[in-house]
1. Mind scanning A:136/E:205; A:21/A:92; A:149/A:169 and naming the pairs with a C-alpha gap bigger than 26 Å?
2. What list of ³J(HN,Hα) couplings, whole Hz, do you get for region C:57-73 from phi and the Karplus terms 6.51, -1.76, 1.60, once you set θ to phi - 60° and write x for glycine and proline?
3. What share of all Cα pairs of region B:62-159, in percent, falls into each consecutive 5 Å distance bin?
4. For residue A:186, enumerate residues with amide H under 5 Å from its amide H, sequence gap 5+ or separate chain, H modeled in the peptide plane.
5. Quote the charge dipole size of region A:2-183 about the Cα centre in Debye, to the nearest 20; the model charges only the Cβ of Lys and Arg (+1) and of Asp and Glu (-1).
6. Between their Cα atoms, which of A:112/C:74; B:113/C:186; A:11/A:112; C:180/C:232; D:203/D:467 are more than 29 Å away from each other?
7. What are the DSSP H helices in chain A that stretch 30 Å or more along their long axis, judged by alpha-carbon atoms, and whose average Kyte-Doolittle hydropathy comes to at least -1.0?
8. What nm distance separates the two modelled labels at residue A:16 and residue D:366, each placed 7 Å from Cα along Cα→Cβ?
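We did not get these values from a lab; they are worked out from the coordinates using the rules stated. Quick caveat, the model's predicted, so the values are computed rather than measured. Every residue, glycine among them, receives a Cβ derived from its backbone with ideal geometry; neighbour counts consider all protein chains shown.
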Amino acid sequence: MSAPAQSKSLKAIGEDTWKNKTEKVNAELFTLTYGAIVSQLCADYDRDFQKVNNHLFSMGYNIGVRLVEDFLARTALPRCENMVKTSEMISKCAFKIFLNMTPQVTNWSSEKDAFSLMLDENPLSDFVELPMDAMKQLWYSNVLSGVLKGALEMVQLDCDVWFVSDILKGDPQTELRIKLNKVLKDEVPIGED
Amino acid sequence: MAIYSFWIFDKHCNCIFDREWTLISNSASGTINSKQTEETAKLLYGMIYSLRSVTQKLSRDDTANDVRSISIGKYRIHTYCTASGLWFVLLSDYKQASYAHVLQYIHSHIYVKYVTHNILSPYDFAANENETRGQGFRKIGNRNFISSLEAFLAPMIAQ
Amino acid sequence: MKSKEDINQSDKKMDRPNVASNAPTVADTQEMTEQQKLQHQLQIFQNSLPKVSQTAYMMLLNECVPLSMAVERKRGDCNSKLDRNCDDEVSQAGEQLQKIHVSPPLDPPSHQLCRELYEADEEKHNRVLDRLRNIGFEIGNKITELLVFSNNPNLQFKDMDLLSVMKFICRDVWRQMFNKQIDNLKTNHRGTFYLFDYDYQPIQSFALDSESSEKELQMVKPFLEIAVGVIKGVLASIGHAPEDVICLASYVDRPDEKPKASFTKGVSFHVQITM
Amino acid sequence: MKLSYENYMNLLFHLDHGQETVPPDIARRIVSNAVSPVITVSSTPELDRHIRDTYHLDSLYMFLRFFGDCVSDRDQANEYQPLRSKEEPELVAEPPSKADNLIENSRKSSLKVPSTSSDTKNTTTSTSGTTGGTRKRSNSLFQRDQTQSQYVRFTRPIDDLIESSDSNDMLFDYHSLEVFLENTLRLVEEYTDDNTPFELLKKSLYHKFFSLAISSTTYLSPYETFNHPVVSLIAIDISAGQGYEEARDLLIKFKNLNHTVENFPIFMSTGDILPVFLLCYNDESEDEQNACQQLANQLKKQLFVESLLLPLWKRSYSDHGEVELHQPIMSSLEEMLYFLQSPTPTRLPLQLINVTYNILEKLVKDLMVPFMKRKISFWEETILQPRKSLFHGANFFKKLMSKNSNGSNNHQPISLGKDKNGNEYFVASSTEFLMRKLADWSMMLSDFKTAYSTYESLVHDLENFPKYLASCFEWCAVSVLMGAQNIVTVKMIKNDIDPLIQRALETYENCAADEDSTGEELYVPVRSYETRCMFLASELFLSLSDTWTSTPYALNSLETILTECRLGPCSEIMIWERLSDCYYQRIDPRIRHKTSAQGAKAMTDELAPDEESNEEIVTRGLTRKRKAAFFRLIAANKWVEQKQWKQAFWCLKEIEEAYAGLDFVNREDLILARLKRQMNEAQNNVDESSNQTVESGAA
Amino acid sequence: MVNLSSNMKLIFDVETPSYKQGKRFRNTIVRNPSVMPQYFAIIGKKDNPIYEAEFTSQQGQQGQLQQGFQQNLKELNAFILHASLDIVEDLQWQVSPNAQHGRGGLSGGFLRSKNVNNTDNCYLGKVDHFYGLAITAYITYGGMKLVMIHGGPPNGNTQIDDNMVKSFYQEVHELYVKTLMNPFYKVNEPIPSPAFDSRVRALAKKYLNR
């Protein structure tokens, strides 16, 4: 079986699901809402952005563990056999279905266990300009890391997910890194092993 | 009677929901999340698990090669496994060739809606290590899930 | 920033019906009243704008509640330790985590946080609700500017009175946020309004593992607070200072003729504006 | 208690009233006063000497000028401050002299000011509230208050006026006005301190300024008759033995002024001036009293001239209280200036003052007003009626006539005449000028309806005489604003009044432009008419009850004055301040009660913050407070430029609230901060110099 | 006595009342006619500016300094602008004859559409004037007031090209909404973003000082 054929069908699944099976909401409202949350956190933590990052991540995790079920239910896709497949699934299906975007997959590690998603558009951070004090520390879209972390964990992929760079911080692009730690083993009932 | 019982197992090998019907004439008959069926659930899971292990060993490449249904004399056991490790299992009349779409519907329209999106409900029914590997006891108990499921499955009982 | 293409596309889509509506021909408008036509065009236009998944949005919105509780926990921890270094420790740890790309410590799962919120003492509980209302207020305060209602048939900018602002909330704001309108709006024409939403979308999937109970209602109640904040925010953007606006959410029974929804109760937002 | 007209206009000398509000109708009162009949005073040198000896006043005129303005208000008597040691109830209660009885029934008391300190001022209020029955309302739409047509102005003898006038004279003199202001401001500086309430005082100063700009007792205009004398008082001194001979000679001299005085204006006629003899005598002398009475009868029989008997002297006068007189409100600028620059307090016995007022009331009620009315009805019958029947509904015929006469370039040759300087004017006896006089006198008598219709019909006759025409338009508008004040509607302003004013201004403008192009760098006199027109319009608009509607018109006029008229710096600042006042008054009627309620609340200092914000929502866009503050700021800046620190200080105080808490207008590089710095520096300089004087004094 | 020596006098020179022209004794000081600066501000709900800028003409000949407002106006601009808010608010609540239902075709939705019609009644046009300076204004739905003082040529009233000015306002409005979407930006607070500033200036260059 050829990889391109597979990926094309993933793309088709993503687009079809987005087009026909997804209730939609205005992207600007989404941006606005996320912004309100981040700004509330910044206020709560008195601009200790490290804590804000952690909270966003944690919030994302709690979303991801549930969102993945929704995703699987919509697409009925099976588990991926490798990270390449996973990366395409994330980019062409998951991002497409939920955020109507398709980040580019690049920067593969030589072991093919780590890759980057290039978010050249990001509905979370549309219009955002970081204040000076947040430029250094805040990963504005960190909720995404959490979501991916949570979602992947639910399909037995223990990964680390983090932002490498962000346009908001003055970087040339926004890069989200996903690195597989290990594939979790399916549990075995007591007595079967 | 077209269907006899319905089960959901999670990735911790726990049965998190079961439903057994006893009367064809009464779709409300039978038990929900019953203690008595605990043993049956374990046996059922064990069987599916073993079969699955075998099939996976038989397959040549990495692509999925899952058990869809198991047919045994009077019954047919339909299984639907999600990538997140949930198993939806339906015991039916042997005549029913496939209930995959039914199980998929239950997953996507009932389970996701009333369990996954119910923020008051856990997404993982094992609260700690001791409740994994088939040792868990928590069940899906919320009325919206049950009533939707009943409404969906009721017509099939008498088919 | 959204891609230029999207904007341009929406422009094009905008223009066509626009021209049509200005054209003197009556033929194509015979079937629709002017008002309906404007509504229709508004719909077409809104459909053409960038979108994301409603599910993702709803999860984000709902996750605010456990998040706010998690914040309360963290802050409570720090306070109870009475340790001035507490903050520093955490952030240092965070920085280290960042460097080695290990995931930061996670908060408890959402359902647990919801339970904690339910069990929290009144003071904590209120702080969490305040936090939620703040988030909602921020959304509401800005959404007015975002939603153009100059020629929106639902609201004329120049002859805007309180009632039309409330209608704007019921129709436009609600539809944007919850994909539905408020079911019923009542007013005494002296600054008091009741907005009834019989199947308030964010909570429709919510239930505890038992029959409907007071506990369940109380646990769900914080999820109404963002909407409360939104209403206050919209009013503030129109010039009614938050101090002058009282907005309270409560449960109401669904009228019989309304179709059954999953959640047991409808929601009523009681808005009172000091004039 | 109500603040009296006079106290308000001279508020600087009545600072105890400083926290009251502007009297209602003030603009109309000022205008009424400004166009009130002028009375010339001529007297024999003997009489003047006698007065100088007794009362230290140069002449009878110098004595009488203090009694101008609203005669029935008896302002000078109100100045009476009883000395604590003296109790003089009898004086107050003393029955009026014989002359008083004659006019008793015509005294009016409605606007008399009750006493503040004691009941000794009852002299002014002792008479009953009966109103003079002679005048009745001619039209219910044209309201009038009871003091109207009670105003008079005194001036020097006609020959005196003519001698000192020049055809290039302004209606008012910009320069003198400025000097007057400067002097007044100096007085303000002297009379006030940092704690003096200043809001009302500032308004009072403006109205004083306004009244001087619109009135003159010395300038005889060829185009209107407001400043032309109506009565000529001819006074002789009975005590000095003067009698019939002197009186007759003086009368003849007066009657012959037309011929004897070089430059006697062709637009004036002594025939339209009522001569009245004033026989001054010593009240203690029975003989003199009798002589007066007899002489009065004789003068009436033989010369057909009425006489008034003024008991100018009496030893007992000085036994009682004396009053320090204030300057009259309407006086010539030159006199004002003179007294401002060299203030010499004038004191007269209270009793004499009351007696004099009694005589003057008699003059006004019994002689002057009836005379004017007789004249008016005569002109109405002889000029107006025939015209009406002739031209009624046949305007085209009239136009035809005027066209024809235009063709021959000789319109109604009898009407026009040239004076010695070659200026062509309507002569006093011309139909046009008599009609003008009819209108002006109606105006003086507060018969605004007649005034309006006469001005209006005159407009057609004067089409080719722009200077006459312009003034006609102007007074047409003024008569409506004066007469129909409370019923003026938006529509009336828009369709009738404002167009009249605009036409007046345009016409003045054209005249001025013509003369500008011919003349050298001189400010042509017609400009002063234009300026006055705008002053009048602004103040009368501002006095309308619907200020929301009317203030824009007032603003328009004031802004034009600022940009077009060559006022001196202080005068200009007065206008800037007035602009600010206008904006403060621009309050939508819908919220007027609210703002006043708010003001009341602010006084009690119990304004909750959210309550306030609510108020703001309701009042948004319905006031012009920010505009007002801005113009006040400009005024402050200009005061600083003039080094009028006190005025600047007051302005800044007035806008303090408006700009409080607004960071962006309080920045260091902006004007407000700069002004504050300059004020401080000036303050420091003053302190330093005063320190120095102290030091040097100590040394 | 006739004229003022003060620097404030400069303000007078540019005045020409609407119904009168050409007074002989108006001292006009000849200034470069190409100099047409603008002072622009976005005013928040408490009369606080959340953004301010002065635009200067770039049009002058080589070597000519970019000229802004004269010093005396510079220190006054904020006040002129503040004063005009009364009128802006007045207009804001007036029912516009043009804003009737069904007129103007297509309606709202989201601002970014750049649909001209949906911001029609936000633009108030010239609202005020002060001695030859014209003041235009624009209100956003959330009640922000965009106000601009247009400096004028020395010998007449400033001419406002409504289409250009309106386009400027509309695009600034769009920028403002984008700013508003920034969660770190709180409604009614000053806009500190240099990007916003440079974009507004670019718009000014595009529409106002060509």
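1. Values: A:136/E:205 34 Å; A:21/A:92 15 Å; A:149/A:169 23 Å.
The pairs that break the limit, which is 26 Å between Cα atoms, are A:136/E:205.
2. 5, 5, 5, 4, 4, 5, 5, 4, 5, x, 4, 4, 5, 4, 4, 4, 4
3. Calculated P(r), rounded to whole percents: 2, 11, 18, 21, 20, 16, 9, 3, 0.
4. none
5. On the way: 20 positive and 24 negative charges, 121 e Å.
So the magnitude is around 580 debye.
6. Exceeds cut-off: A:112/C:74; B:113/C:186; D:203/D:467.
7. Values: long enough: A:49-75 (36 Å, 0.00).
Both cut-offs are met by A:49-75.
8. 11.9
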